[in-house]
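The values are calculated or read from the model by the stated rules, or taken from the named source; none is laboratory data. Because the structure is predicted, anything quoted here is derived from the model rather than measured. All Cβ positions, glycine included, derive from the backbone under ideal geometry; neighbour counts span all protein chains shown.
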Amino acid sequence: MIRIAIYGKGGIGKSTMTSNLAAAFAYLGKRVIQIGCDPKADSTINLLGGQPLQPVMDYLREKDEEPESIDQIAKEGYGGVLCIETGGPTPGLGCAGRGIIATFSLLEDLRLFETYKPDVVLYDVLGDVVCGGFAAPIREGYAQKVLIVTSGEKMALYAANNICTAVRNFEDRSYARVEGIILNSRNVEGESRKVEEFADIKGLPIIARIPRSDDIIRFEDQGKTVIEGDPDLLVSRCFLDLAKKLIEQENAGN
């Protein structure tokens, strides 16, 4: 099973990267689960035709009881991708990280992975920090690898550095390791050079380069990933190539 957590600066495009990668895996015939680990609960919206999914934490607050089945807190989207959103606490009244921990505990109780038997699990994780509940996706038994999304912008690279350092500090606890960098281009001056220099310093590969594309925005306006919208586009092929690379690594035992 391929298990990947995707981190990066808030607003850098993690959800776009994650949902398009999930769609690419599904397009290639893989059984996929995507878990959005963000109180905004918008990670899976473009896999679901633009329709938001009720987050797990909202369900628990409204029902005041745990669900009896996965179907009550999940929904299948494009290509059969099973979509789950952790959500978070009522604004100002709790810790968002606890929402992730509570959701993961619930998913274990419901035997999600044993029941659904996915080939791929993707975790789309909030923001710039890897602490508390936000470290849950990289703990032993969840994600095996971390992909860091960045552009060539100063604050995106700053966040990427912090995430890389934090994840590597957890390596001796059998947590996930940083596998590489996804360059989500913003067309800033010297972008490729800046990200390449950062990657060299950290000893990491740039595992994918996603060009800035109006097609992503066009299809997101329709509630779709570019994979669903047109898998033959250049930007779609970038996501498909990334999915194929990750499948090949898994098959090779890396």
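Within segment 111-125, the residues that satisfy the criterion of being in a helix (DSSP H, G or I) and surrounded by fewer than 21 Cβ atoms within 10 Å (Cβ to Cβ) are F113, E114, T115, Y116. Looking only at residues in segment 192-247 that are of a type in the set (S, T, Y) and part of a helix (DSSP H, G or I), the one that is farthest from G77 (Cα to Cα) is S192.
In the condition set (1) at pLDDT below 95; (2) touching a helix residue (DSSP H, G or I) at 6+ places or on another chain (Cβ under 6 Å), S236 is compliant with all but (1).
Can you pull out the residues in segment 49-83 that are assigned to a loop (DSSP other than H, G, I, E, B), of a type in the set (A, V, I, L, M, F, W, C) and either touching a residue at least 60 places away in the same chain (Cβ under 8 Å) or under 16 Å from K224 (Cβ atoms) (or both)?
If the condition is that a residue be assigned to a loop (DSSP other than H, G, I, E, B), of a type in the set (A, V, I, L, M, F, W, C) and either touching a residue at least 60 places away in the same chain (Cβ under 8 Å) or under 16 Å from K224 (Cβ atoms) (or both), then L53, V81 are the ones that fit.
Is it true that V195 is touching a helix residue (DSSP H, G or I) at 6+ places or on another chain (Cβ under 9 Å), surrounded by 17 or more Cβ atoms within 10 Å (Cβ to Cβ), closer than 20 Å to C37 by Cβ and at pLDDT 90 or above? It is false that V195 is touching a helix residue (DSSP H, G or I) at 6+ places or on another chain (Cβ under 9 Å), surrounded by 17 or more Cβ atoms within 10 Å (Cβ to Cβ), closer than 20 Å to C37 by Cβ and at pLDDT 90 or above.
Can you tell me which of G8, G36 is within 10 Å of the chain's Cα centre (by Cα), within 18 Å of G223 (Cβ to Cβ) and either crowded, with 24+ Cβ neighbours inside 10 Å or of a type in the set (D, E) (or both)? Full working, then the answer.
Working: G8 fails: within 18 Å of G223 (Cβ to Cβ).
The unique qualifying residue is G36.
Restricting segment 52-72 to residues that are modelled with pLDDT under 95 and buried (at least 21 other Cβ atoms within 10 Å of the Cβ) leaves a set whose member that is farthest from the chain's Cα centre (by Cα) is M57. Give the residue that is farthest from S19 (Cα to Cα), with candidates limited to residues of segment 176-192 that are touching a strand residue (DSSP E or B) at 6+ places or on another chain (Cβ under 9 Å), at pLDDT below 95 and not aliphatic (A, V, I, L, M). Here the answer is R177. When E248, E171, E220 are checked against the criterion of being on the phi < 0 side of the Ramachandran plot, in contact with a Lys or Arg (Cβ under 8 Å, 6 or more places away or on another chain) and not aliphatic (A, V, I, L, M), a single residue qualifies: E171.
In segment 159-178, what residues are crowded, with 19+ Cβ neighbours inside 10 Å, outside any helix (DSSP H, G or I) and in contact (Cβ under 8 Å) with a residue 40 or more places away in the chain? Residues satisfying the conditions are Y175, A176. Within segment 141-158, being surrounded by fewer than 22 Cβ atoms within 10 Å (Cβ to Cβ) and within 19 Å of the chain's Cα centre (by Cα) holds for G141, Y142, Q144, K145, L157. The single condition among (1) in contact with a helix residue (DSSP H, G or I) (Cβ under 8 Å, 6 or more places away or on another chain); (2) assigned to a helix (DSSP H, G or I); (3) farther than 25 Å from G11 by Cβ that N46 does not satisfy is (3).
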